[in-house]
Amino acid sequence: MNQIIEDIKVVLDRNVELNSERFFLNNGTSILSTDDANNLNYLQNCFIPKQEWRKVNSIELEQLTTSIDDLQSNWDLGRHIGIIRIPEYLIQPLREIISTINIDLSQSRGDISKVTLNPNYQCAIEAIRTHIQQYTLMTNDEIKTLGIHCAKPQLITTTVNTVQYLPHCPYVGLHLDSWENSPLKRRHLSSNRICINIGQENRYFLMINLSLMKIFHLLGLSTINDISKHYRGVKLPSEFMQHFPTYPVIKLTLSPNEAYIAPTENIIHDSSTLDKHELDFSLTFLGKFGLLH
């Protein structure tokens, strides 16, 4: 299987440009060898995207995207990805705070925590929280601030495991989030996230454009025993990439001040900094967000 299947849809807000540099597609995934995993500080048996990228063609672009005008009021929490733009005046205070910190590349995760100690930090975060309130699907939806993340440039993927492997913090590769640990049948109703590019360069969101339940069926699973075995769905990503190693990964470009709204508990994903020269900075909020007509 080396062609994308229509499932997950990307929706661009009205002030976000759809151009030829927005979507890239590769020829699948691979499992890191034991030596490469050790040398690159990855977990064993994890999956990464192959690094042969091309721009999507017009047919693929139509399969991947839908117009905001076609949404009406039907935002699909588990199958829609939004691209929005945050005003510069809201991001600049955070960039100014970051510029005051001399971040050591080898200790970047620890250094970035110093940002929260700045007396202007909470005010800057609250201003952005107020702005993104317009993207919550219900007026009483809770917005949780996950904070600023810093990643080195030239990384295949950026997510690390900081829970089980301190202070080692290996990269996990393409993965599925489980903040809510919902069962497979309710994964599409889990909270999604807004992740804002607060850096100075483009950053890249990686995804396989298939919802978790779609993956379940593509693997030929359907019985009660299958549902019981995959009750949480957490093993489905690795099984899918192992069975369909040529299924393409999508690389979505996010310019500075742009953000994605993504159901990261329902899709295989990560981010990448391979084409970057400077540190990558992002700010993430957890909630139930969407673009409404």
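The values are calculated or read from the model by the stated rules, or taken from the named source; none is laboratory data. Because the structure is predicted, anything quoted here is derived from the model rather than measured. Ideal geometry is used to build each Cβ from the backbone, glycine not excepted, and the neighbour counts take in all protein chains shown.
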Exercise for the section: For the range 171-202, enumerate the residues that are in contact with a Lys or Arg (Cβ under 7 Å, 6 or more places away or on another chain) and part of a strand (DSSP E or B). Expected result: ASN192, ASN197
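One line per residue, one yes/no per condition, for (1) in contact with a Pro (Cβ under 9 Å, 6 or more places away or on another chain); (2) more than 30 Å from SER99 (Cβ to Cβ); (3) of a type in the set (Lys, Arg); (4) at pLDDT 95 or above:
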residue	(1), (2), (3), (4)
ASN161	yes, no, no, no
GLN164	no, yes, no, no
HIS168	no, no, no, no
LEU174	yes, yes, no, yes
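Quick test for you: out of LEU221, LEU252, pick the one residue that is without any contact (Cβ under 8 Å) to a residue 24 or more places away in the chain and surrounded by 16 or more Cβ atoms within 10 Å (Cβ to Cβ).
On the way: LEU252 fails: without any contact (Cβ under 8 Å) to a residue 24 or more places away in the chain.
One residue alone meets the criteria, LEU221.
Looking at the range 39-52, can you tell me whether even one residue there is loosely packed, with under 11 Cβ neighbours inside 10 Å and more than 30 Å from SER190 (Cα to Cα)?
The first filter runs over the range 39-52 and keeps only residues loosely packed, with under 11 Cβ neighbours inside 10 Å, leaving 39, 52.
Okay, now just the ones that are also more than 30 Å from SER190 (Cα to Cα), so 39, 52.
There is at least one residue in the range 39-52 that is loosely packed, with under 11 Cβ neighbours inside 10 Å and more than 30 Å from SER190 (Cα to Cα).
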Completion exercise
Taking the range 258-290 and keeping residues within 16 Å of TYR204 (Cβ to Cβ) and among the aromatic types (Phe, Trp, Tyr) leaves TYR260, PHE281
Fill in the blank from the handout: Those residues of the range 255-275 which are of a type in the set (Gly, Ala, Ser) and buried (at least 18 other Cβ atoms within 10 Å of the Cβ) amount to ALA259, ALA262, SER271, SER272
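I'm checking my understanding of the structure. Among residues of the range 17-29 that are surrounded by 12 or more Cβ atoms within 10 Å (Cβ to Cβ) and within 19 Å of the chain's Cα centre (by Cα), which one is modelled with the lowest pLDDT?
LEU18
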Exercise for the section: Kindly indicate whether ILE250 is under 23 Å from PRO183 (Cα atoms) and in contact with a strand residue (DSSP E or B) (Cβ under 8 Å, 6 or more places away or on another chain). Expected result: no
Handout entry: GLU6 being surrounded by fewer than 19 Cβ atoms within 10 Å (Cβ to Cβ), at pLDDT 90 or above and of a type outside the set (Gly, Ala, Ser)
Key = yes
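Listed residues ASN38, ASN19; which is polar (S, T, N, Q), without any contact (Cβ under 8 Å) to a residue 12 or more places away in the chain and under 24 Å from PRO256 (Cβ atoms)?
Residue meeting the stated conditions: ASN19.
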Fill in the blank from the handout: By residue number, the members of the range 20-71 that are in a strand (DSSP E or B) and β-branched (Val, Ile, Thr) are THR29, ILE31, ILE48, THR65
Exercise for the section: Restricting attention to the range 14-63, report how many residues are closer than 18 Å to THR246 by Cβ and touching a helix residue (DSSP H, G or I) at 6+ places or on another chain (Cβ under 6 Å). Expected result: 2
Practice task
Mind telling me which of the residues GLU265, GLU278, GLU258 ends up being farther than 15 Å from PHE23 by Cα, at pLDDT 95 or above and charged (D, E, K, R)?
Solution key: GLU265
Practice task
Could you tell me which residue of the range 193-213 is surrounded by the most Cβ atoms within 10 Å (Cβ to Cβ), considering only residues that are closer than 13 Å to HIS80 by Cα and either basic (Lys, Arg) or touching a Phe, Trp or Tyr at 6+ places or on another chain (Cβ under 6 Å) (or both)?
Solution key: ILE194
